[in-house]
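The values are calculated or read from the model by the stated rules, or taken from the named source; none is laboratory data. All figures in this text were calculated on a predicted structure; none of them were measured in a lab. Methodologically, a virtual Cβ is constructed for each residue, glycine included, from the backbone with ideal geometry; neighbour enumeration extends over all protein chains shown. Please note that ligands, DNA and RNA were not included when accessible areas were found on the heavy atoms of the full protein model with its side chains. Shrake-Rupley method; radii C 1.70, N 1.55, O 1.52, S 1.80 Å.
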Amino acid sequence: MAEKVTPRSEDYSRWYTDVVQMAELADYAPVKGCMVIRPYGYALWENVQAGLDRRFKETGHQNAYFPLFIPESFIRKEAEHVEGFAPELAVVTHGGGEKLEEPLIVRPTSETIINTMMAKWIRSYRDLPLLLNQWCNVVRWEMRTRLFLRTTEFLWQEGHTAHATAEEAEAEARRMLDVYTDFAVNDAAIPVIPGRKSDTERFAGAVRSYTIEAMMGDKRALQSGTSHFLGQNFARAFGTQYLDRNNELQYVWQTSWGVSTRMIGAIVMVHGDDQGLILPPVLAPIQVVIVPIWRKDAEKEAITAAIADLRGRLTSAGVRVRVDDRDDVSPGFKFNDWEMRGVPLRVEIGPRDLAAGQVTLARRDTGEKFPVPMADLAARVPGLLKDIQASLLRRATEFRDANTHEVSTWGELVEVVADGFARAWWCGSAECEAKIKEETRATTRCIPFEQPGGTGKCVVCGAEAREQAIFARAY
Ligand code: ZN
């Protein structure tokens, strides 16, 4: 892999595609709009899944699986839902060589089919809350392809829950956003801004949508997870009812929430540099790579033995280790290769290290190199990985904060959203929001939960505003 990635300063979008392809996370599929997730990218996704799945289970959710095909009539039952999704649906009209009586939609999201089943399974208040999640793929037709960020088919999890009261459902929607925030911050080292979506950015069929928004390395925003309070919209469309304690029939209150393989795109763009990926240790498929350096066969034997011992001790310490014992490429080539793949720590062992009873450690995040006694390595590495994890989060937080500005005039808003996040008072009207979008290409990312309090003047119309919103150009 002698090729180099395009520098970010030259062309950020090409830098992104170069990194994703050269680090072998994903590739373009022979099918337009689709991607192939390669083993290294899939291993990263598996770690994302593990971090989220553990949190879902800790909060009482169970995994299930619903069909890929959804009868067209189901999608039509909730008016706003069908309107929102119609332009991006893939429809199956034939099966087994025959035209189908009713076309089947390849799932874009599963509220409709899950409600059909919930309506059957839920009888009384004793069956509530029903807390489900499914890991699956979804299809939303796309004209442009951007690996992990915008593809016709992508992987995700979708949580779907039913509750007896609006308060419980609302609390669930907020709790799952907290779960996403916790994952983003602590596992992906991505600082996010949790908040509410504006009405125009709301999920089709929801009463309220919540989101976590992150700043990428080019200062654009990426919606990194959403959670929706669905009210009774789907319950009424599908007749999802339960008998309450007074034996009266009530509609359930619901939520849905999702995080997709877009998260991989966020990890690439938040942490990566001109050498390639930088992976947060918690999610990195390989946390430490050991590169042996030798010239003579006699050296090889001693070094190989020392590495076998180190690998064993690191593995016992719970570290994910890879030994790069390829003998057809040079150590320098290996260094570049693993830097490209974002492995947090590299261990080098040459004859001189061996003689001194030490190894040379290199940090991917800072480029620092320093010797560590061999006997201390297994004890030192977990602490170093924690330190790298913390420093990535700190760096990303500082970058985001340095590029987020509170603005009070239209002129300031235009200037700030050209190269960062703007925080401004907004009266809440769709007209003011539309004007911002049309004239600056920035969209309302969210109305952050964290508000200064009091009131201010809308940055567009000057009317009294009770909330501030974040505006930015987004992926
Ligand atoms: Zn306004």
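Counting only residues that are aromatic (Phe, Trp, Tyr) and farther than 22 Å from Val270 by Cα, how many does the range 374-414 have?
Residues in the range 374-414 being aromatic (Phe, Trp, Tyr) and farther than 22 Å from Val270 by Cα: 1 in total.
Which residues, taken from the range 406-429, are out of contact with any strand residue (DSSP E or B) (no Cβ under 6 Å at 6 or more places or on another chain) and open to solvent by 50 Å² or more (accessible area, probe 1.4 Å)?
Of everything in the range 406-429, those that are out of contact with any strand residue (DSSP E or B) (no Cβ under 6 Å at 6 or more places or on another chain) and open to solvent by 50 Å² or more (accessible area, probe 1.4 Å) turn out to be Ser408, Thr409, Trp410, Glu412, Val414, Glu415, Ala418, Asp419.
Quick check on the range 145-157. Is at least one of its residues of a type outside the set (D, E, K, R), open to solvent by 10 Å² or more (accessible area, probe 1.4 Å), without any contact (Cβ under 8 Å) to a residue 60 or more places away in the chain and in the same structural domain as Ala43 (by TED's automatic domain parsing)?
As a first pass, look at the range 145-157 and keep what is of a type outside the set (D, E, K, R): 145, 147-149, 151-152, 154-157.
Imposing the further condition that a residue be open to solvent by 10 Å² or more (accessible area, probe 1.4 Å) reduces the set to 145, 149, 154-156.
Those left that are additionally without any contact (Cβ under 8 Å) to a residue 60 or more places away in the chain: none.
No, that holds for no residue.
Which helices (runs of 4 or more DSSP H) sit wholly inside the range 1-120 and have at least 3 residues that are open to solvent by 50 Å² or more (accessible area, probe 1.4 Å), under 21 Å from Trp141 (Cβ atoms) and at pLDDT below 95? Don't jump to the end; show me each part of the working.
On the way: elements: 12-22, 39-58, 72-76, 79-85.
Fully inside the range 1-120 and qualifying: 79-85.
Name the residues in the range 417-429 that are more than 16 Å from the ligand (Cβ to nearest atom) and part of a strand (DSSP E or B), would you?
Passing the criteria: only Phe421.
Provide a single number: the residues in the range 430-474 that are without any contact (Cβ under 8 Å) to a residue 60 or more places away in the chain, among the basic types (Lys, Arg) and more than 12 Å from the ligand (Cβ to nearest atom).
Total satisfying the criteria: 2.
Need a quick list: helices (runs of 4 or more DSSP H) entirely within the range 261-344 having at least 2 residues that are within 30 Å of Met216 (Cβ to Cβ), in contact (Cβ under 8 Å) with a residue 12 or more places away in the chain and not assigned by TED's automatic domain parsing to the domain that holds Ala356.
Values: elements: 262-271, 297-316, 331-340.
Once the helices (runs of 4 or more DSSP H) in the range 261-344 are filtered for at least 2 residues that are within 30 Å of Met216 (Cβ to Cβ), in contact (Cβ under 8 Å) with a residue 12 or more places away in the chain and not assigned by TED's automatic domain parsing to the domain that holds Ala356, what remains is 262-271.
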